[in-house]
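Okay, structure first, notes after.
Any read-out appearing in this document is the output of simple, stated calculations on the displayed coordinates, not a laboratory observation. These figures come from a predicted structure and were not determined experimentally. Note that we place each Cβ from the backbone using ideal geometry, even for glycine, and neighbour counts take in every protein chain shown.
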Amino acid sequence: MITLNSPATPPATLHPDPISCPGCGLACDDLSWNDGHVDSRGCPIAADYFKPSHAAPMPHLFEGKPIDLNSALDFAASLIKVARMPIFIGGGCDIAGVQSLLALADSIGGVVDSRSRILPINMQVMQENGWIATTFSEVYNRADLVILIGGNPLPNWPRLLSRLVANHDSMFRTRPPQVLQLGTAIPPEQLPQGLDYQAITVEPSEILNTLSALTAHLKGGAWREASPVHPELLQLAERIKSAHYPVVIWDAANLCPTATESILAIDYLGEVIRLLTPSQRIVGLPLSSSDNAGGMASVMTWQTGFPNRLFYTPEGPESHRYRDQGLERVADGDADLLVWVSAITPYPMPEFKGQIIAIVGDDYPESELTRATVTLRVGRIGIDHGGEVGRSDSVVMIPVPAAFPTASTTERPRVDLVFNQILARLERSQGAIL
Amino acid sequence: MIHLHNLRRIDPQHPTSAAQVNGVTDDIWLDQGRIVAAPDSPQNCESIDLGGKTVMAGAIDIHSHIAGGKMNLGKQLMTADRHLQKFGKRGRLRSGNGFATPVASTTAYRYLAMGYTMAFEPAMVGVNSRGCHREMGDIPLLDRGAYIMLGNDDFLLRLLQTKAEQGRINDYVGWMIARTRAMGVKIVNPGGISAFKFNKRNLGLDTPCPHYDSVTPRQIVYSLCRAVYELGLSFPLHLHCNDLGIPGNVATTLATIKAAEGYPLHLTHLQFHSYGAEGKRQFSSAAEQIAEAVNSNPNVTVDVGQIAFGHTVTASGDTMIQYINSAHADPKRFVCMDIECDGGCGVVPFRYRDQNFVNALQWAIGLELFLLIKDPWRIFLTTDHPNGAPFTVYPNLIRLLMEPDYRRQCLSQIHPAAQKATVLGSLDRAYSLEEIAILTRAGPARILGLEDHGSLKIGAVADIVVYEERPNLEDYFALPQMVFRRGLLVARNGEIINDRILPDGVTHWIEPDYDRSIEKEVKAFFDRYMAIDYMNYGLNGERLYGKPIDFIRHSPKRRIA
Ligand code: SF4
């Protein structure tokens, strides 16, 4: 029998203060207890994540029938053992979960990827051309102009403006920065009160052309003559030049109609920043990932050199940008086992013909799980147990204490322990020396 | 228990062994991870006859960028590196890849194969310390630690600006070391990273910092040198000076030595700070001047940051300088980041070319420093991995130091004008094996205060390397016959043992004593200005979740009031 208490987990205090939220890549760590519930500071995603639940733990399942944890782990291990081509899709768990997932995948081979659509877009631009970027506390203290590119980022990043931009107390600025949006205007009722906000409306289909024109204008000379820009864009360029620490923020999921156009658009943004940096400071802040896909990218990078789309082959880790996209491979049908880790936000499983092992939290809808051969109901970080997640600005790892720690050792186990146990079973069955 | 016998011991920290003095062979007994005295009646003992081979303690790299956010960016930017030296999972070993930017497992396997059992990450950003420790925790086998980067963090600059007492600065530094579980303190470009955030492109040692107009880099250096000393850390302040790589920076480096006012000071990757601006190309060697200053200032220690020709990536906290260097990026891509009112980073792929005058002279300058600085206990062998070259070039570098003829032969192949601009050809010094042992294990262990490492004394951790005669010295140091880590054989002839579970590495840190009342001030600063909560910064013991990390906590040997 296994013991599921992690030796590294400190004794749970009932009400950690402050509480951290893994609901999006902002990883806000300023939430607190208020009158028996988590005060989500007006964030709808956090309110939903931390809504109290008094339901009994959901059972682990094999072919829809409740089983105990050890049997579920046995079944999961036997499926993985015979799989020809497994695909592991995360993040959906904490850093420790990713570390254990990679240890297992390295042992048996297969593809590992995150669900994030935006991480690969940003990563492609960064890996090909680099960028000049910043982190949240720098924005908080230095930004005197914020330029938002694309659609309204607030549905995906609810506290972006209220937490990082609209703060009054700062080291180097006397008031919150002006926010200029190049794209679709944010409805006024969603804006923090008193924020100096203006939008230059640009349709999603025109974002790429607009950024191309802005780049040409900044390059000057023949480029500028060939690509005259709208007066509003000229004003924007002048406004940027007069700022001390302008910050360009984009959400790759909310930029252009297609991923390819978004890649090109971010390329232009990087170019704009590089063109201006010889004479002034200007930085980018890519909103990079939720679901701890960013933390997953960090661990994948230090363990394999690849931030995403990883294929463990017998010759070593590989990554082909187009071949090894996890979700595409799931759709292609060349995999026979899907390991779906989704214990932060409950993402619906994709269509898949092979077997599925679902590693999900108690909030994951039962109806979805009828397609899974094995379901392991794991704890959710920040709710049942503590964990760590990567923040969207890629440098910071935030600890997420358990707001409602569960005491049980067999229900809602940690994701890392699930993967460690599966690996131990595989090693035992292969007769390896343990 | 293991009994190694018929061996030639090289142990500069403890050269008193009768056997060594008399030049005869010797024995070493290993038990439970330590070197032990010869037992009265050995039982269950594996006996290994080494046939007179040379044995040294495990080597220690005091400055190697093995982890942290900038190295992750480096791995991501070095896409071609992912196809180099790739290998799949073998037995108990993890898969891996990378030449200039090896991944976690590969880093350990390469170091161990060369007889290195310990390496220190020299530039941990406080806000990235949790990630850095997580990454180091994934490096198997290798013992490690990290130095916390200070000197551009706004909290410290505010303390200096408001003329805080030295004791208060010490308390803050003590808190930072403890909170981030660091083994030392590093400054990268004092004040310069912060200045770059205010759009300043250079910062002289006596130039007031932007926004902090009563603070100069000189004050930052002095106050942190003092803080590190007064907190009782064995390892002096680890300083990456202002003006890295700038022709003529010799003046800054010499002035920086003075700025320490006699306090212990470690100048890191000194090669990059030993440049004159003479000659037609306005780039010259100032190694003689610098070596003279090091020789005559016993409070100063250095590591060289030798370059080697070939492709690598330069990754540094020095955004100011890395932005300048981005003009030479090869391939043409770079990342610069301002980080959390704490520091910054710049990552620029680069190729050092032997037929490029500047690169060729950089190579010669590094070797000049090695040969002109007299005391081997005050100089350490580094390439500032991967900035000057990957650490895997160490065996070649050692050969260059030990064989003047080989060195001259290599010199004759670099850019002709660089050959004329260096005194390297006239330097006959040949390092002895004993001196190499000082440079690579005895010296590092001593300066880091790691009394149980870097030596073969009884009671020391049984990190032991057995060298076998090879056709040349480079192979000799690249392929030790046996490497024991904590008494366990982990590598043989350059191959890591893969048929059994190998132990995890251990992370070393030092916990200084400081006045806890500083925490209130730091918390107030975090509450007002930081987008991360005070409780979540660094490695707060109350908030560590996930994979356990094997930490060894050290205590300073002294505390000066
Ligand atoms: S903005 Fe994101 S991280 Fe912050 S509270 Fe809302 S969901 Fe959580």
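For A:Ala259 and A:Arg239, what is the calculated FRET efficiency with R₀ set at 35 Å and r taken between the beta-carbons, to the nearest 0.05? Let's see the in-between values first.
On the way: r = 30 Å, r/R0 = 0.85.
Taking R0 as 35 Å, the efficiency between A:Ala259 and A:Arg239 is 0.75.
For A:Leu145, the residues whose modelled amide H falls within less than 5 Å of its own, excluding neighbours fewer than 5 places apart on the same chain, are A:Tyr245, A:Val247.
Summary value for region A:219-285: 41 percent relative contact order, contacts being C-alpha pairs under 8 angstrom separated by 6+ residues.
Straightening the chain between B:Asn356 and B:Asn44 buys 106.4 nm, computed as 0.36 nm per residue apart minus the Cα-Cα spacing. Take the Cα radius of gyration of region A:298-364 and divide it by 2.2 N^0.38 Å, N being the number of residues; the result is 1.22. Does region B:305-426 classify as rounded, prolate or oblate by the C-alpha gyration tensor (a ≥ b ≥ c root eigenvalues; a/c under 1.5 gives rounded; else a/b over b/c gives prolate, otherwise oblate)? Cα axes put region B:305-426 in the prolate bin. Each peptide in A:127-134, B:58-65 gets a packing score, the mean of other Cβ atoms within 10 Å over its residues, and the list from highest to lowest is B:58-65, A:127-134.
When peptides B:544-557, A:276-289 are sorted by average Cβ neighbour count within 10 Å, with the highest value leading, the order is A:276-289, B:544-557.
Please report Rg over Rh for region A:87-186, where both radii come from the alpha carbon positions and Rh follows the Kirkwood definition. Each step should come with its number before you reach the end.
On the way: Rg = 18.2 Å, Rh = 16.7 Å.
Here Rg/Rh amounts to 1.09.
A cut-off of 5 Å between modelled amide H atoms, ignoring neighbours fewer than 5 places along the same chain, links A:Leu338 with A:Ile87, A:Gln355, A:Ile356, A:Ile357. Region B:452-524 and region B:40-67 have Cα centres lying 10 Å from one another.
Our helix-only sum for chain A, with -39,500 (n - 2.57) per DSSP H run of n ≥ 4 divided by its residues, gives a mean residue ellipticity at 222 nm of -10000 deg cm²/dmol.
Where does the Debye-calculated log10 I(q)/I(0) of the protein assembly as shown sit at q = 0.06, 0.09, 0.10 Å⁻¹, using only Cα point scatterers of equal weight, no solvent? Reported log10 I(q)/I(0), two decimals: -0.43, -1.00, -1.24.
Sort out for me the Cα centre separation of region B:148-216 from region A:271-296, rounded to whole Å. Cα centroid of region B:148-216 versus Cα centroid of region A:271-296: 25 Å apart.
Work out, step by step, the length gained on full extension between A:Ala424 and A:Ala226: first 0.36 nm times the residue separation, then minus their alpha carbon distance; give nm to one decimal. Walk me through the numbers on the way to the answer.
On the way: separation 198, 0.36 × 198 = 71.28 nm, distance 6.39 nm.
Gain on stretching A:Ala424 to A:Ala226: 64.9 nm.
Placing a pseudo-label 7 Å from each Cα along the Cα-to-Cβ vector at B:Glu495 and A:Glu189 gives an inter-label distance of 7.1 nm.
Cross-linked pairs B:Lys163/B:Lys197; A:Lys51/B:Lys75; B:Lys200/B:Lys332; B:Lys70/B:Lys332: Cα-Cα separations exceed 29 Å for A:Lys51/B:Lys75. Every pair of different Cα atoms in region B:461-546 enters the Kirkwood calculation, which places the hydrodynamic radius at 17.5 Å.
Taken along its principal axes, the alpha carbon cloud of region B:185-313 reaches lengths of 42, 36, 27 Å, longest axis first.
With viscosity set to 0.890 mPa s and temperature to 25 °C, compute the Stokes-Einstein D of region A:262-311, Rh being the Kirkwood radius across alpha carbon pairs; µm²/s, no decimals.
So the translational diffusion coefficient is about 189 µm²/s.
Approximating the spin labels as points 7 Å out from Cα along Cα→Cβ, the B:Arg408-to-A:Leu327 distance works out to 6.6 nm.
What is the mean number of Cβ atoms from other protein chains located within 10 Å of the Cβ atom of each residue in peptide B:86-99, rounded to a whole number? Don't jump to the answer; show the numbers that get you there.
Numbers: counts 6, 4, 9, 10, 1, 2, 3, 1, 8, 13, 6, 7, 2, 0.
Neighbouring Cβ atoms belonging to other protein chains average 5 per residue here.
For the peptide A:305-315, the mean number of other protein chain Cβ atoms found within 10 angstrom of a residue's Cβ is 4. Taking each DSSP H run with n ≥ 4 as -39500 (n - 2.57) and averaging over every residue of chain B yields -8500 deg cm²/dmol at 222 nm. Taking a straight line from the alpha carbon of B:Lys86, these aspartates and glutamates sit under 12 Å away, with near neighbours fewer than eight places off in the same chain left out: A:Glu315, A:Glu318.
Could you please tell me the mean projected area of the C-alpha convex hull for chain B, averaged over all directions and given in square nanometres to one decimal?
On the way: hull surface 100.3 nm².
Its average projected convex-hull area is 25.1 nm².
Relative to one another, the C-alpha centroids of region A:163-229 and region B:253-279 are positioned 45 Å apart. The phi torsions of region B:107-124, fed into the Karplus equation with coefficients 6.51, -1.76 and 1.60 and a -60° offset, translate into couplings of 3, 5, 4, 5, 4, 4, 4, 8, x, 8, 10, 8, 8, 10, 6, x, 8, 8 Hz, rounded to whole numbers, with Gly and Pro shown as x.
Couplings for region B:61-66, taken from phi via the Karplus curve 6.51 cos²θ - 1.76 cosθ + 1.60 with θ = phi - 60°, read 9, 7, 8, 8, 7, 9 Hz in order; Gly and Pro are left as x.
Let me check against my output: what whole-number percent is the relative contact order of chain A, with C-alpha pairs under 8 Å and at least 6 apart?
On the way: 882 pairs, mean separation 114.2, N = 434.
Computed over chain A, the figure is 26 percent.
Tell me the Kirkwood hydrodynamic radius of region A:148-201 in angstroms, computed as one over the mean inverse distance between distinct C-alpha pairs. With all distinct Cα pairs of region A:148-201 included, I get 11.6 Å. For region A:177-248, just say rounded, prolate or oblate: build the C-alpha gyration tensor, square-root its eigenvalues into a ≥ b ≥ c, call rounded for a/c under 1.5, and beyond that prolate if a/b exceeds b/c, oblate if not. Judged from the Cα gyration tensor, region A:177-248 comes out oblate (a/c at least 1.5, b/c at or above a/b). By the compact-protein rule of thumb, 2.2 N^0.38 Å, the alpha-carbon radius of gyration of region B:450-502 corresponds to a ratio of 1.24. The phi torsions of region A:221-234, fed into the Karplus equation with coefficients 6.51, -1.76 and 1.60 and a -60° offset, translate into couplings of x, 5, 4, 5, 5, 6, 9, x, 10, 4, x, 5, 6, 4 Hz, rounded to whole numbers, with Gly and Pro shown as x.
Under 5 Å from the amide H of B:Phe380 lie the amide H atoms of B:Val302, B:Asp303, B:Val304, each residue being 5 or more positions distant or on a separate chain, with H modelled from the backbone and absent for Pro and chain starts.
Size check on chain A: the Cα extents along the three principal axes, sorted descending, read 70, 53, 36 Å. Over chain B, Cα pairs under 8 Å with separation of 6+ residues give a relative contact order of 21 percent.
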